[in-house]
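The structure under discussion appears below in the form of structure tokens.
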Amino acid sequence: MLRNEDLDAAVKAGVITAEQQAALEKQAGARRAARPLVTGRDERFRFLRGFNDVFLALGVTLVAVAFLAQWRPTDNSSLAYLGIGIAVLWALSELLVGRHRAVLPGIVAVIGIGLMTSLAAGHLAWNVKLWEVAGKLDTPKAFWRLPFGVWMAGTGAGGLAVLIYYVRFGLPFAWLPMGYCLAQAVVLGATYWLGWDTALPLINIISLTLGLGLFSLAMRFDASDPERITRRADCGFWLHLAAAPFIVQPLVSSLGYGEAAVSSIATIVVVGLLAVVALVVDRRALLVSSLLYFGLAVGFLVTAVTAAAGWASTLLVTLGLLGAFVIFMGLGWHRLRGLILRPFAGARWLKYIPPLQPTI
């Protein structure tokens, strides 16, 4: 690979002119801007630059735990520790994230800030008896209303703190806790307005709707940067990770009724369909979230087939099959993507997803 000093030496030796050197450097700069910063055949996962980031993250973790350990639900004076802890973590973020662009310490810091803010807001909501806005607590069915104001205050404040953190530092990971705070707020609101008896049967529908909403937002980020060069692709990654459990859980849990063997086979089919979606959008998060259900379904079928075998043998076969599936998907990811997408060559929607990578 030619370096700048090589080009300078070539100009001095008369091999190329200074104008040609400038043209070469301009073209090289344009090519660097037009391709991913990290070359390779897989999606990027940027949160660690070196072990020093781990060292810094450990320090931030110790600081956060030190302040969290001072909080007591029944001690109002301990709220001061949460406030000081938030301020300290924010100051550390200004240094480590704002100045040094360290991602992993920022992840720890934003988790700590969100958690401390939630605890402080919930504590204050309890002190001012915020739950009383839900009405009188004079019926047995109203017991669940007691923590509504407390939980909603904690969830809302924590989500707002994470949002402010994202606006200030642009940390893509912030979308993950923001997604969960939004989901919890929606579930709490639905439970409050509809009542527990009405909301409980609708939890799967609510969860799936939330998951699809987060997935759509993630795809919006991904579609704006199919080459995954900018920070928007990183935001999409964390949103996919937030959306996956809300999509997988209701789909799989809805298959838990009826004959167990049929449900297990249906679960495996659903996981297979989710794998196809994951391959199309080139995001493994959706597939990773379904591995637990896939493993349980395979385990049941192995148990049914080898009823005489002990639990150790069942565990060995189940984990072995699950591991083989993961390795197969990992090694054959790009070939499988090619098999799925090549029949759609030339379709307009392909420009919104990552292009096919060459296979070896």
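The values are calculated or read from the model by the stated rules, or taken from the named source; none is laboratory data. These figures come from a predicted structure and were not determined experimentally. Note that each Cβ is placed from the backbone with ideal geometry, even for glycine, and that neighbours are counted across all protein chains shown.
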Check the stretch 293-304 and report whether any residue there is in a loop (DSSP other than H, G, I, E, B), modelled with pLDDT of 75 or more and surrounded by 19 or more Cβ atoms within 10 Å (Cβ to Cβ). no
Looking only at the stretch 319-360, count every residue that is exposed (fewer than 10 other Cβ atoms within 10 Å of the Cβ) and under 28 Å from Phe221 (Cβ atoms) and tell me the total. 9
Complete set of residues in the stretch 68-83 that are farther than 26 Å from Leu182 by Cα and either part of a helix (DSSP H, G or I) or under 19 Å from the mean Cα position of the chain (by Cα) (or both): Asn76, Ser77, Ser78, Ala80, Tyr81
For the stretch 57-72, indicate whether the set of residues that are surrounded by 12 or more Cβ atoms within 10 Å (Cβ to Cβ), of a type in the set (A, V, I, L, M, F, W, C) and at pLDDT below 90 is non-empty. yes
